[in-house]
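What follows is one structure encoded as structure tokens, with my remarks underneath.
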């Protein structure tokens with residue numbers, strides 16, 4: 001019998017019928033003797049509805065100022081969810097109590113609409129658990145030191161669940177969602193994609209940031225930092241499946257490196273077609289040049305992903321990076337008007353029709369030749385590699401977007417990902 | 001320039017367009033130099049929508065236990081309203097900040113779904129006002145000593161507004177609603193009904209409790225007790241009418257008895273056709289008989305309105321009272337099975353087809369013959385009076401419901417209510 005945190009996403013909470021199913025599932029775990037904390041999201045569509053009302057009243061461009069009020073409004077979605085889930089649990093005969101973020105309290109900084117959790121007071125929750133109650137805590141929200149309501153940004157409920165799990169020292173944090181786990185790659189691209197039974201936190205971080213949008217990346221960082229085992233599993237299995245089966249379903253994200261030893265070198269293929277690449281050619285290679293180029297971009301609030309600068313020739317080098325495709329035109333304009341003149345770049349070129357494909361695997365640390373095998377596979381398919389970056393457990397290439405599916409399928413097959421590890 | 005509290009009902013907050021109008025109206029007052037606190041209700045329909053979701057999940061009959069969760073859910077309606085109104089005010093260029101009940105805090109007892117306000121900490125509000133901000137406070141809700149969210153029951157936002165006005169020592173509390181004031185009687189029954197420019201708190205209490213559903217009765221009690229002038233006025237006038245005109249519109253509910261001296265003896269005719277009368281005939285007239293009859297009724301959570309017991313003859317008396325018509329059958333059954341046998345009543349009779357008509361006026365205190373004039377008027381119309389009760393400023397009669405309109409019109413005319421007072 002363990003202390004467990006369950007997290008249910010907006011789709012799982014999308015109607016009273018679905019909330020009743022969540023309650024039946026949680027009740028099953030509680031009756032089996034587990035101490036249960038549940039962190040639900042707002043009912044699907046509710047956060048958008050609320051922010052849509054606010055958008056109708058806010059003048060364009062004034063969003064900076066009204067973050068505090070947007071958080072007041074958005075936080076109500078989860079508050080409704082916890083109340084409804086507590087009532088549904090009571091209807092199942094399970095003692096349950098709901099808390100908004102400020103009631104726990106979950107204390108955050110004051111960065112409205114994207115706050116970060118600073119601390120969680122676990123005492124009230126622990127006392128309720130000791131009294132035999134299921135505790136239902138609103139995800140996505142907290143309260144700052146001045147007593148203002150804050151929210152953690154989209155997907156923040158995952159982070160709430162993990163942070164609560166850390167605070168109460170839960171044995172595991174189970175993230176119920178509308179997929180049944182983490183796959184070797186997107187099954188829509190590679191039908192042979194296989195669900196991973198386990199994945200390391202580091203791999204999951206690379207997979208998440210590369211577009212496997214199963215979990216909010218901050219929640220994975222958090223879980224990894226505090227060593228809370230995370231499990232991603234489906235909320236659409238029948239609520240009354242046996243606990244023994246449910247407890248090992250989905251994908252376990254773990255810090256146990258031992259388990260990984262037996263596994264494949266490459267765990268998955270991630271990809272992202274939302275990016276655009278930009279290159280400044282022949283810039284003077286002197287200290288501060290990277291900041292001179294990317295400083296104005298960061299100031300314009302444009303996120304940069306891949307950054308590549310190779311060795312220089314005769315004091316000049318080429319500087320490349322990628323941005324979200326939606327920011328491509330704005331970034332090009334910004335560079336043309338305020339960066340190119342100052343850096344003396346010979347040319348500015350860009351391409352929005354690219355994609356990034358990555359192989360991810362903790363085994364790459366100890367196995368040489370993984371990257372070169374990737375390049376060989378792409379070469380065999382006649383795919384030209386435009387950019388390359390690597391990290392300890394990831395190798396990414398930028399290629400023409402029309403080759404994306406071909407590249408992902410070829411790599412998935414070449415690294416034997418469709419078969420279970422030995 | 002004064003410190004004022006504005007309260008806007010759910011209809012006034014019913015859409016983003018209407019919220020924008022509220023913001024423009026409040027902005028007009030703020031720009032004129034007034035310190036403004038605004039207490040809005042939830043958008044119309046929202047509280048019902050939220051409680052409807054909860055009702056789908058709660059098993060029938062378990063409502064006693066889940067009051068705490070119902071309040072968590074229902075309170076979000078007003079929280080959304082304050083956030084939206086603050087954003088709309090900011091869009092008008094007015095500095096504004098919103099607060100949920102727990103943030104002020106508005107402290108209540110723990111009677112979930114029908115809590116009573118115990119205290120309001122005015123310091124945060126006062127500091128914001130001093131800093132030139134409009135303060136928007138969620139109506140209908142508070143927080144108990146244990147940090148649980150509570151609500152004040154239907155119409156509770158009126159009480160919130162008055163309580164806030166008391167706490168901040170506002171010069172006046174303006175209740176914006178969908179009617180333009182308090183009338184001498186219901187204009188749908190008497191087209192000549194006239195809007196009262198002023199009415200005393202005591203008269204308003206009698207009018208409110210008798211069915212002029214303009215204000216929650218507790219808010220009037222509260223305002224009277226703490227001597228805060230209340231004004232009921234329409235939120236459907238154009239937002240940009242001159243403040244001088246708006247400030248004297250509607251009906252002022254006042255504790256200034258002086259103003260009343262010039263006015264009519266009778267201020268209005270109230271009526272209620274939701275009641276049913278019940279009589280126990282020939283009960284033994286001994287100490288405790290009233291409690292013996294009404295104790296079981298109260299225990300069954302049935303509200304009793306009028307209660308009449310006349311002098312007894314030969315040790316026996318008739319005991320009559322009225323209940324809401326919806327409770328009629330249940331009350332009759334209860335009396336038949338558990339009261340009649342014990343009290344030795346000779347007979348139990350009842351009639352759900354009655355109505356109550358009342359004349360209300362603070363002038364009745366000092367003028368004899370007002371009640372007898374009422375009886376004379378009804379007699380001239382051939383209306384039989386079934387029951388009579390009186391208080392200091394009110395005389396009520398129970399009559400057959402088919403005579404209600406006739407009685408109200410005749411009384412309205414006889415007491416010269418269609419004409420303005422001299």
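The values are calculated or read from the model by the stated rules, or taken from the named source; none is laboratory data. Because the structure is a prediction, the values reported are computed rather than measured. We place every Cβ from the backbone using ideal geometry, glycine too, and count neighbours over all the protein chains shown.
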Practice task
List the strands (runs of 3 or more DSSP E) that sit entirely inside the stretch A:159-235 and contain at least 3 residues that are within 25 Å of residue A:395 (Cβ to Cβ).
Solution key: A:198-200
Exercise for the section: Could you tell me whether the stretch A:45-64 includes any residue that is within 22 Å of the chain's Cα centre (by Cα), over 30 Å from residue B:133 (Cβ atoms) and surrounded by fewer than 18 Cβ atoms within 10 Å (Cβ to Cβ)? Expected result: yes
Exercise for the section: May I ask you to verify whether residue A:121 is at pLDDT 95 or above and either within 23 Å of residue B:23 (Cβ to Cβ) or at the interface with chain B (Cβ under 10 Å from one of its Cβ atoms) (or both)? Expected result: no
Problem - Those residues of the stretch B:121-139 which are touching a residue at least 60 places away in the same chain (Cβ under 8 Å) and either part of a loop (DSSP other than H, G, I, E, B) or not assigned by TED's automatic domain parsing to the domain that holds residue B:41 (or both), in sequence order - result: B:138, B:139
Problem - Enumeration of residues in the stretch A:394-422 that are touching a strand residue (DSSP E or B) at 6+ places or on another chain (Cβ under 8 Å) and outside any helix (DSSP H, G or I) - result: A:394, A:395, A:396, A:397, A:398, A:399, A:400, A:415, A:417
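Okay, residues lined up against (1) at pLDDT 95 or above; (2) more than 30 Å from residue A:21 (Cα to Cα):
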site	(1), (2)
B:67	no, no
B:76	yes, no
B:81	yes, yes
B:95	yes, yes
B:104	yes, yes
Problem - Answer from A:147, A:156, A:142 - the residue that is crowded, with 20+ Cβ neighbours inside 10 Å and free of Cβ contacts under 8 Å to residues at least 60 places away in the same chain - result: A:142
Exercise for the section: Consider residue A:132 carefully, then state whether it is away from chain B (no Cβ under 12 Å), surrounded by fewer than 18 Cβ atoms within 10 Å (Cβ to Cβ) and modelled with pLDDT of 95 or more. Expected result: yes
Problem - Enumeration of residues in the stretch A:374-393 that are under 28 Å from the mean Cα position of the chain (by Cα), crowded, with 16+ Cβ neighbours inside 10 Å and part of a helix (DSSP H, G or I) - result: A:374, A:378
Problem - Looking only at the stretch B:90-104, and only at residues there that are within 9 Å of chain A (Cβ to nearest Cβ) and either in contact with a strand residue (DSSP E or B) (Cβ under 9 Å, 6 or more places away or on another chain) or surrounded by 24 or more Cβ atoms within 10 Å (Cβ to Cβ) (or both), the one that is farthest from residue B:129 (Cα to Cα) - result: B:102
Practice task
Go through the residues of the stretch A:149-157 one by one and say whether even a single one is at pLDDT 95 or above, assigned by TED's automatic domain parsing to the domain that holds residue A:75 and farther than 18 Å from residue A:77 by Cα.
Solution key: no
Exercise for the section: Among the candidates A:220, A:228, A:232, single out the residue that is under 16 Å from residue A:6 (Cα atoms), modelled with pLDDT under 90 and either in contact with a helix residue (DSSP H, G or I) (Cβ under 9 Å, 6 or more places away or on another chain) or buried (at least 21 other Cβ atoms within 10 Å of the Cβ) (or both). Expected result: A:220
Practice task
Filter the stretch B:351-370 for residues that are surrounded by fewer than 17 Cβ atoms within 10 Å (Cβ to Cβ) and part of a helix (DSSP H, G or I) and give the result.
Solution key: B:365, B:366
Exercise for the section: Return yes or no: is residue A:317 farther than 30 Å from residue A:202 by Cα, in contact (Cβ under 8 Å) with a residue 24 or more places away in the chain and not in a helix (DSSP H, G or I)? Expected result: yes
Exercise for the section: Return yes when residue A:292 is in contact with a helix residue (DSSP H, G or I) (Cβ under 9 Å, 6 or more places away or on another chain), surrounded by 15 or more Cβ atoms within 10 Å (Cβ to Cβ) and modelled with pLDDT under 85 and no when it is not. Expected result: no
Practice task
Could you please let me know if residue B:196 is touching a residue at least 24 places away in the same chain (Cβ under 8 Å) and surrounded by 24 or more Cβ atoms within 10 Å (Cβ to Cβ)?
Solution key: yes
Exercise for the section: Would you mind stating whether residue B:306 is under 15 Å from residue B:389 (Cα atoms), at pLDDT below 90 and not in a helix (DSSP H, G or I)? Expected result: yes
Problem - Only listed residue being more than 17 Å from the chain's Cα centre (by Cα) and either at pLDDT below 90 or surrounded by 18 or more Cβ atoms within 10 Å (Cβ to Cβ) (or both), chosen from A:258, A:245, A:240, A:274 - result: A:258
Practice task
Hey, can you tell me all the residues within the stretch B:38-74 that are touching a helix residue (DSSP H, G or I) at 6+ places or on another chain (Cβ under 7 Å), within 30 Å of residue B:239 (Cβ to Cβ) and more than 7 Å from chain A (Cβ to nearest Cβ)?
Solution key: B:38, B:39, B:40, B:41, B:42, B:43, B:46, B:47, B:74
Practice task
Considering (1) at pLDDT below 95; (2) under 28 Å from residue A:2 (Cα atoms), say which one residue A:48 fails and leave the rest.
Solution key: (2)
